[in-house]
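Before any comments, here is the structure.
Every number here is computed from the coordinates shown, using simple stated rules; none is lab data. Note that the structure is a prediction, hence the values are computed from the model and not measured. Don't worry about glycine lacking a Cβ; one is built from the backbone with ideal geometry, like all the others, and counts go over all protein chains shown.
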Amino acid sequence: MRTYDVFVSFRSEDTRNNFTGFLFQALSRKGIDAFKDDKDLKKGESIAPELLQAIEGSCLFVVVFSKNYASSTWCLRELAEICNCIETSQRRVLPIFYDVDPSEVRKQSGYFEKAFAEHEKRFKEDKKKMQEVQGWREALKQVTSDQSLWPQCAEIEEIVEKIKYILGQNFSSLPNDDLVGMKSRVEELAQLLCLGDQHILRAHGVEEVYQVQPLNEDVVRLFCRNAFKRHPLAIEVLSSSLFCRNVLQWRTALAKFKNNKSKDITNVLRISFDELEDIEKDIFLDIVCFFPICGEQYAKKILDFRGFHHEYGLQILVDISLICMKKGIIHMHSLLSNLGRCIVREKSPKEPRKWSRLWDYKDFHNVMSNNMVFEYKILSCYFSRICNTSKELIFSFPFAISKEAENLEAIVVRSPHKFAQTMRVDAQTYLSWNEYLFECLPPSFEANKLVELILYASNIKQLWKGRKCLHNLIYLILSHSKNLIEIHDLIEALNLERLDLQGCIQLKKIHPSIGLLRKTHLLLEVASPLSLPSPFRCHSSSKKQRNPLMKKILGLQAPMELTSCGIKSIFI
């Protein structure tokens, strides 16, 4: 039974009338019951029974090391007894260094070296006493070995706050005898707090939450001792698997987890996923497969196109810690990313054509090059430079997507590699292909269903030749396509809302049809002479008043007239 919250071990002549006196007062003000030796029990060769009971009946031990602490055999015997208690129970000791260097205490140098030399000189003829002195040395090392427990300053109030944190709320001086039926309720509340769901906090009036920052080096050891064996979800499984293993076994286990040979970690991580609604699951899997680390706005645009309510869905994922959003970037832990991809693969692990999503270039190539029938609604793939040779990979996709994927709505490709230009993409309504390396879209390209076309930082010189059916096109993004020379006829794109030509530094010619697009928001940035029809007129019949605006664009060969038109901005 615990009779005291704290037992303080200190050298009376060094600190009783200053530091420890103030410490006892501060502990008392906070309702912390600390044992205080008012009867001067430190007499004789052995520890007084009252002191021994106080040590055994305390929840936490505070040892105040001062210059003369080690010169007192009483203090050293207290310290040895404290070490016996922490070895046989889960209690902790908090070392405090008063007017003495912590390294001097830990290494037993300076005043502590002199004190132990005196003890050894005094007891050198008594073998039993010499063994006791050696035990004192070991106790001193044990108490000072964990530097993460050392208070960073000697301020009384901060030390008391640390003591409160270690003790929690179970102070013996509180009237706990009058509280009935609290244990089960506290345990239930503790389980809720471990769910990672911020709704629990908001429901009880907690409006402000913050992201816990990574631990610094000073507390890594404390973290490893306490957090790994009590950490929720994945860390609990991972720490149990790797505890007391050598480095080679750690590496083997890491490779094993990456290949998903261990089912435990997947099952634990899946708990939060299984509690999501269907749309939230789709949002999670889209992020996993297509943009585990990407710009928030980019992801939201894709999710909007997919018909998802991204604002609510993304916030749900943040609340239960499946993703985090920081400075406009979506981040996801690799363990959660692996979980999502396992979920996509689980029903047909060896048949990627049956998966709901494709993301790996090998599976992409396998499905496409073999003309497999698939049912994807969105196809996304990032082709990184992973080949061992200096040459770029060349993929050949001799297929027509319109024939093999009737349900396909969107294609998202980010690739620095070259693709054979036999690929037809005329069934989807969304096409995003960053770093597209060809100078023109293939002649077979059909755009009658196309809603959004993104060729960011492409090598394209012109989109196509002639006129295309573009009735459904809303967004045309060609920004930073540095080789783009001209924009052809877009008269069919009557619903075009955004035409982004920023960073197209070689652009020399714009078709006059663009001036007739009443809904278009044009973003234009050029660095070479730009040729426009004479004159280049943009006007709208929706406004009767005509206020012509004349601009000259780096060697413009004809005047530009913008009259109450849909073009909202031009950057020059």
If I model a spin label at Arg29 and Lys326 as a point 7 Å from the Cα along the Cα→Cβ vector, what separation in nanometres do I get? 3.7
Between Lys164 and Trp464, how many nm apart are label points set 7 Å from Cα along the C-beta direction? 7.0
Which pairs break 19 Å Cα to Cα here: Lys300/Lys327; Lys67/Lys141; Lys30/Lys67; Lys281/Lys347; Lys107/Lys141; Lys114/Lys141? Lys30/Lys67
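Can you figure out the FRET efficiency of Glu446 with Leu494, using R₀ = 25 Å and their beta-carbon distance, to the nearest 0.05? Show your work: numbers first, answer last.
Values: r = 18 Å, r/R0 = 0.72.
Once rounded, the FRET efficiency stands at 0.90.
Can you give the relative contact order of region 4-167 as a percent, counting alpha carbon pairs under 8 Å and 6+ residues apart? All intermediate terms of the calculation are to be shown ahead of the outcome.
Values: 196 pairs, mean separation 43.1, N = 164.
Computed value for region 4-167: 26 percent relative contact order.
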Report the FRET efficiency, 1/(1 + (r/R0)^6), for Lys121 and Val318, where r is their Cβ-Cβ distance and R0 is 60 Å, rounded to 0.05. 0.35
Spin-label zone in region 66-94 - amide nitrogen under 19 Å from a point set 7 Å from the Cα of Glu104 along the C-beta vector: 66-73, 75-76
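Pulled fully out, how much extra length does the chain show between Thr3 and Glu486, if you take 0.36 nm times their separation in residues and subtract their Cα-Cα distance? Kindly include the intermediate steps, with their values, before the conclusion.
Working: separation 483, 0.36 × 483 = 173.88 nm, distance 8.62 nm.
Additional length available on full extension: 165.3 nm.
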At Asp274 and Val186, where each label point lies 7 Å from the Cα along Cα→Cβ, what is the point-to-point distance in nanometres? 3.1
